[in-house]
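This report concerns only the one structure given below.
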Amino acid sequence: MIIFHQGGADIVGVYNAGGANLGVGSVLQRFQEQRGGECVWIAHALNNETRRFIASGLMTHVLDQAPETQARRALDTRFYRDPAHS
């Protein structure tokens, strides 16, 4: 995000794998207001915060991993492939 503050006009996208969506959103908002630039922003975890960013058009995509579903599928797959545990 420091690059944005230093005039990183060549940047076309940001991928945020963890937290700090509020901070990233704040920097990208200023970038768009000051430079009129468009930036693709992809982040993780669909929640109220990321929903607001998506609705405003600031965030482009959000990846929601649904860990409960992934865990269930992993267990189902494990037990399905090993008949001894059926």
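The values are calculated or read from the model by the stated rules, or taken from the named source; none is laboratory data. Here the structure is a predicted model, which is why all the values come from computation and not from measurement. Quick reminder, even Gly has a Cβ in these numbers, built from the backbone with ideal geometry, and neighbours come from all protein chains shown.
General observations
- Considering (1) modelled with pLDDT under 75; (2) surrounded by 14 or more Cβ atoms within 10 Å (Cβ to Cβ), the lone condition that N16 does not fulfil carries the number (1).
- Here segment 19-40 is the region considered, the condition is being among the hydrophobic types (A, V, I, L, M, F, W, C) and outside any loop (DSSP other than H, G, I, E, B), and the residue that is modelled with the lowest pLDDT is F31.
- Looking across segment 42-54, the residues that are under 18 Å from G13 (Cα atoms) and either at pLDDT 95 or above or in a helix (DSSP H, G or I) (or both) come down to T50, F53, I54.
- Which numbered condition G8 fails, given (1) touching a Cys at 6+ places or on another chain (Cβ under 8 Å); (2) at pLDDT below 80: (1)
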